[in-house]
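The values are calculated or read from the model by the stated rules, or taken from the named source; none is laboratory data. Just so you know, these numbers come straight off a predicted model, no measurement behind them. Every residue, glycine among them, receives a Cβ derived from its backbone with ideal geometry; neighbour counts consider all protein chains shown.
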Amino acid sequence: MHEHPTPPLSRWLVLLMAFATGVAVASNYYNQPLLQTLADEFGLSYARAGTLVTTAQVSYALGLILLVPLDDLLERRGLIVGMTLLVAAGLLLSACAPSFAVLLLGTALAGAFSSVAQVLVPFAATLAAPAERGRVIGTLMSGLLLGILLARTVAGSLSELGSWRGVYFLAAAAMTATALALWFALPCYRHPERLGYPRLLASVFVLFREEPELRLYTLLGGLTFALFAMLWTPLAFLLSAEPYGYSDGVIGLFGIVGAVGALAASLAGRLADRGRAAQAITLGLALLALSWLPLGFAGGSLAALLVGVVLLDLAVQLTHVSNMNQVYRLRPEARSRINAGYMAGYFVGGALGSLSSAALYEAFGWRGVCAAGAALGVVALGIWLALGRRGAAPAAVVRD
């Protein structure tokens with residue numbers, strides 16, 4: 001057992017951790033291209049089916065608050081492997097679900113423990129040398145984004161070939177294999193700080209009180225992911241209806257289009273290493289607001305939809321990775337707890353975006369969703385320009 005693990009972080013280990021991050025967080029997104037199929041099978045309204053997405057994101061946020069701080073208390077390799085196996089258990093429960101209530105339970109279990117992704121990210125940041133930290137974080141966030149987006153492609157294709165239950169069976173097997181790989185590859189590591197669990201949880205809220213930048217970046221992160229969810233949650237309903245009438249498999253292919261956004265994660269990491277995170281956030285939020293213009297025409301134009309999806313996913317990742325690099329520099333000794341607080345706010349925003357977009361789609365259709373998304377994007381950009389840009393310190397200035 002080492003307080004500071006050796007040898008240093010290698011590229012193949014970064015890639016393995018990025019893959020593990022992606023497959024873990026993917027567990028929350030297999031349901032999105034299947035929402036129409038699940039609504040038909042269980043006799044659900046659009047809004048009720050959308051609660052499946054909301055449940056995944058709320059449980060993920062709870063996992064961030066209640067489980068992720070444990071990595072400052074427990075040995076990290078064991079914690080990561082244990083959480084990964086519990087994700088597999090939740091997916092298996094979903095695969096066998098005889099009712100929508102049991103499916104929700106399996107989704108909640110997998111969602112809570114898939115927060116292991118946010119144990120892996122700060123662990124990688126801890127293992128990385130300061131000069132390469134931005135690149136390492138960007139690589140893991142690329143894996144996370146690919147997991148979110150390609151989960152849709154995999155789920156849609158497997159559902160088309162077999163059934164939606166097969167999606168969850170295969171995902172459970174993948175998580176089990178990932179747990180084994182992590183057990184053999186990760187170094188043992190225990191945080192040198194010894195706090196009791198109640199003090200660990202309380203310290204997350206203390207950090208919010210003491211660090212105004214953490215509050216700002218968490219607010220921006222929540223708004224960013226709310227906009228991401230407002231696109232992807234009702235998209236299955238749009239694409240399964242006229243004039244598209246697409247199947248689950250075709251709907252899932254849109255995840256490949258969105259995966260272009262993974263390029264922005266790597267770019268944002270490199271900009272952060274050069275001290276240009278503030279400029280990246282400004283650009284990301286501006287693109288995030290503008291992306292809803294082509295999306296507003298997506299009800300009748302596939303080209304407009306594709307342009308809007310690419311722009312929005314690029315903008316989300318550019319903003320999010322830049323945010324993370326900014327908050328990680330605040331308190332290196334409390335990086336996991338800072339990450340837990342930031343990501344909890346991020347996924348609470350996503351849950352609210354999912355819930356509101358499903359209701360907006362049912363009440364006002366696709367144009368109503370896009371109008372709300374554009375307005376929220378302008379609000380996020382306005383908050384940053386008013387409160388954040390002038391006071392943002394370069395992410396390259398690290399307090400290690």
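Restricting segment 21-60 to residues that are more than 17 Å from residue 230 (Cβ to Cβ) and aliphatic (A, V, I, L, M), the residue that is surrounded by the most Cβ atoms within 10 Å (Cβ to Cβ) is 24. Counting only helices (runs of 4 or more DSSP H) that fall entirely inside segment 270-347 and contain at least 3 residues that are of a type in the set (Val, Ile, Thr), at pLDDT 85 or above and surrounded by 21 or more Cβ atoms within 10 Å (Cβ to Cβ), the qualifying elements are 302-328.
I'm checking my understanding of the structure. Among residues of segment 45-73 that are among the aliphatic types (A, V, I, L, M) and in contact with a Leu (Cβ under 8 Å, 6 or more places away or on another chain), which one is farthest from residue 206 (Cα to Cα)?
The initial filter retains those residues of segment 45-73 that are among the aliphatic types (A, V, I, L, M), namely 47, 49, 52-53, 56, 58, 61-62, 64-68, 70, 73.
Filter once more, so that each one left must be in contact with a Leu (Cβ under 8 Å, 6 or more places away or on another chain): 49, 52-53, 65-66, 70, 73.
Numbers: 49: 37, 52: 32, 53: 30, 65: 13, 66: 15, 70: 16, 73: 17 Å.
Restricting to residues being among the aliphatic types (A, V, I, L, M) and in contact with a Leu (Cβ under 8 Å, 6 or more places away or on another chain), the top hit is 49.
Exactly one residue out of 162, 166 is surrounded by fewer than 20 Cβ atoms within 10 Å (Cβ to Cβ), closer than 19 Å to residue 94 by Cα and either among the hydroxyl-bearing types (Ser, Thr, Tyr) or modelled with pLDDT under 90 (or both): that is 162. Considering only residues that are buried (at least 20 other Cβ atoms within 10 Å of the Cβ) and of a type outside the set (A, V, I, L, M, F, W, C), look in segment 78-99 and name the one that is farthest from residue 340 (Cα to Cα). Going through the qualifying residues, I end up with 94. For segment 211-235, filtered to residues that are among the aliphatic types (A, V, I, L, M) and within 18 Å of residue 304 (Cβ to Cβ), the residue that is modelled with the lowest pLDDT is 235. A single entry from 61, 39 fulfils the requirement of being aliphatic (A, V, I, L, M), under 18 Å from the mean Cα position of the chain (by Cα) and part of a helix (DSSP H, G or I): 61. Taking the criterion of being in a helix (DSSP H, G or I), more than 21 Å from the chain's Cα centre (by Cα) and crowded, with 18+ Cβ neighbours inside 10 Å, the only residue of segment 208-237 that qualifies is 237.
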